[in-house]
Amino acid sequence: MSAGIDEAVYQRLAGLALESATAPHAGRAPGGTGEPAFPYTVFQPLTSQGAEYDTGTTATETLRGRFEVYAIGLAQARRILRLIEAAFVLQLLELEAGNLLIATKAGDDLTLDPDRADDGSEIWHGVLDLEFLVERVPGS
């Protein structure tokens, strides 16, 4: 995987005005005791689908990232997912090593979480999967 792409994606996500009470969480929901403050966003680190094209000097690979949003209310969850999508799809992203060729939407979903907030409010769970096509020098 390209060095620094996880960090570049996280930094872009952290810089967005996502209506969140906390910074985005990497890899898992916020811990601690009690209920987390809503809304909150979780970024799952990128996974590689393997090199697709390798010339010996550069290789391209598709990396998939998942963004999860937990919010009180469908409208808020949808709004946050759209903000994240707009920040990445067809946008440039500076990487430490390699080049982001394109980011595309692979899928999304919004569902009512079976749990309820402490005050009884509905919790909506949104998922946005993005694919990042990256060109890099093997080993970087």
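No lab work stands behind these numbers, since they all come straight from the coordinates. On a predicted model such as this, the values are computed, not experimentally measured, just so you know. Reconstructed Cβ throughout: ideal geometry from the backbone, glycine too, with neighbour counts over all protein chains shown.
Starting at 0 and stepping by 10 Å, how many percent of the alpha carbon pairs of region 96-140 end up in each bin?
Spelled out bin by bin, region 96-140 gives 23, 27, 21, 17, 12, 0 percent.
Please express the Cα-Cα pair-distance distribution P(r) of the chain as a list of whole percents, one per 10 Å bin, running from 0 to the bin with the greatest distance.
Computed distribution, short to long bins: 12, 41, 28, 14, 4, 0.
Using the 10 angstrom Cβ neighbour count as an exposure proxy, how do Ser20, Ser48 rank, fewest first? Working shown, then result.
Working: Ser20 19, Ser48 14.
Ascending Cβ contact count within 10 Å gives the list Ser48, Ser20.
Using 7 Å Cα-to-Cβ label points, what is the Thr47/Thr60 separation (nm, one decimal)?
2.3
Leu93's amide H: which non-local residues (gap 5+, or another chain) put their own amide H closer than 5 Å, with H modeled 1.01 Å from N in plane and none for Pro or chain starts?
Leu100
So if R0 is 25 Å, what FRET efficiency would Thr104 and Glu35 give, r being the distance between their Cβ atoms, rounded to the nearest 0.05? Mind showing how you got there, number by number?
Numbers: r = 35 Å, r/R0 = 1.38.
Result of the calculation: an efficiency of 0.15.
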